[in-house]
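Just so it is clear, none of the values below were taken in a lab; they were calculated from the coordinates. Remember, it's a predicted structure, so these values are computed and weren't measured experimentally. Cβ placement follows ideal geometry from the backbone for every residue including glycine, while neighbour counts extend to all protein chains displayed.
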Amino acid sequence: MITLMKCRKLRRELDEQEQFALDAYYLQEKPVQEAKGTLGLSTSGFYKLLDRARKRLGNAVQSKQQDLHQ
């Protein structure tokens, strides 16, 4: 099982923009218009960044889970 502390450590594997996008959208619940403006991205650019961050975080979680089961 991945704990909150481990998730925070895995999150650090993301670059700064990816971390900001995840934080702004999910934790701070900022509107996309506000979050994308802070990063200087278009709406589609923000969603692409958010998608990449989710995939990278998901891959990191899967990798960690596989390590735990070996």
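What the table shows:
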{"item": "Net dipole in debye of the chain [+1 Lys, Arg Cβ; -1 Asp, Glu Cβ; about Cα centre; nearest 20]", "result": "200"}
{"item": "Within region 7-36, GluC sites (Glu not before Pro) in DSSP loop having at most 14 other beta-carbon neighbours inside 10 Å", "result": "E13, E29"}
{"item": "Value of [θ]222 nm, deg cm²/dmol, for the chain, DSSP H segments ≥ 4, -39500 (n - 2.57) each, nearest 500", "result": "-22000 deg cm²/dmol"}
{"item": "Under 21 Å between alpha carbons - lysine pairs in the chain that sit 8 or more apart or on different chains", "result": "9"}
{"item": "Residue among G45, Q33, Q19 farthest towards the positive dipole end of the chain, charges placed on Cβ", "result": "Q19"}
{"item": "Label-to-label distance, nm, for residues given as R11 and Q28 (7 Å Cα→Cβ offset)", "result": "1.2"}
